[in-house]
């Protein structure tokens, strides 16, 4: 992998296992949108970035080398050998082999813990377009930090302090439905340090899950999403409707509970369970696995 600056961004050549569509459309994030030229523009950690793949190079526009190495390298998990991970996953079974080949360019993003927590509280029993709209509206109404890029305004995700201060405006009007109260109550717990987000990364997976599930609106699936997509707990295995379908269709005829499915996957895939989940999820959703 070679990195060099060009105009207003960074160009990376020799970057393997990186496909923007797979990364941004595999269910792990909600603030990246596809542009007419096939690139993706998003906002994360109060920074706006455009990502475009052209042949063997990936162009990261609107960043400097210092910012890229200090922020985006970790965000895109570029220091991890995904070829090795995929080789290990392929050996488990034909289903994972097929899923890995299909979603070959997936990488697990290292997202902000607070934003990921609120985003997946909003995601419960909700469709992706509505989730994205609610998050964008919440950020717009909070108006905490505004970044302009190519004539457009992007709104950073609001901190717990901002939401706590302006919740009657930004939370009550962001069309989160019953989830609005969960957001406000969770915000209060974070502000009081009843749940300390800063210490979660240092906890073991079981203790981390228990802590997260103390927050209103955070059940096992949402907790596992936060652990996997923000805290890099790679043994987490979120089970949603698509994962339930793929486990039921490809691995077991038994009518297992969601918790049993998670335990089954963790027992089978171990420390690679989270990676397996993303490849299986993306493959199942894109190909309608288990849909009647």
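The values are calculated or read from the model by the stated rules, or taken from the named source; none is laboratory data. Quantities reported herein were computed from a predicted structural model and do not represent experimental measurements. Ideal geometry is used to build each Cβ from the backbone, glycine not excepted, and the neighbour counts take in all protein chains shown.
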Original post:
Do any helices (runs of 4 or more DSSP H) entirely within the range 113-232 hold 2 or more residues that are touching a residue at least 40 places away in the same chain (Cβ under 8 Å) and within 26 Å of residue 262 (Cα to Cα), and if so, which?
Top reply: 113-123, 128-142, 179-191, 220-229
Original post:
Would it be correct to say that residue 2 is free of Cβ contacts under 8 Å to residues at least 24 places away in the same chain and more than 26 Å from residue 243 (Cα to Cα)?
Top reply: yes
**OP:** Identify, by number, the condition in (1) assigned by TED's automatic domain parsing to the domain that holds residue 190; (2) modelled with pLDDT of 95 or more; (3) more than 21 Å from the chain's Cα centre (by Cα); (4) more than 30 Å from residue 6 (Cβ to Cβ) that residue 143 doesn't meet.
**Re:** (2)
Original post:
Is at least one residue of the range 82-103 at pLDDT 95 or above and part of a strand (DSSP E or B)?
Top reply: no
**OP:** Give the residue that is farthest from residue 199 (Cα to Cα), with candidates limited to residues of the range 233-283 that are out of contact with any helix residue (DSSP H, G or I) (no Cβ under 9 Å at 6 or more places or on another chain) and touching a residue at least 24 places away in the same chain (Cβ under 8 Å).
**Re:** 270
Original post:
For the range 41-71, which residues satisfy the criterion of being under 18 Å from residue 30 (Cα atoms) and free of Cβ contacts under 8 Å to residues at least 60 places away in the same chain?
Top reply: 42, 49, 51, 52
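Which is at pLDDT 95 or above and more than 20 Å from residue 1 (Cα to Cα), of 19, 36? Steps first, answer last, please.
Working: 19 fails: more than 20 Å from residue 1 (Cα to Cα).
One residue alone meets the criteria, 36.
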Original post:
What tally of residues in the range 146-180 results from selecting those that are touching a strand residue (DSSP E or B) at 6+ places or on another chain (Cβ under 7 Å) and surrounded by 15 or more Cβ atoms within 10 Å (Cβ to Cβ)?
Top reply: 4
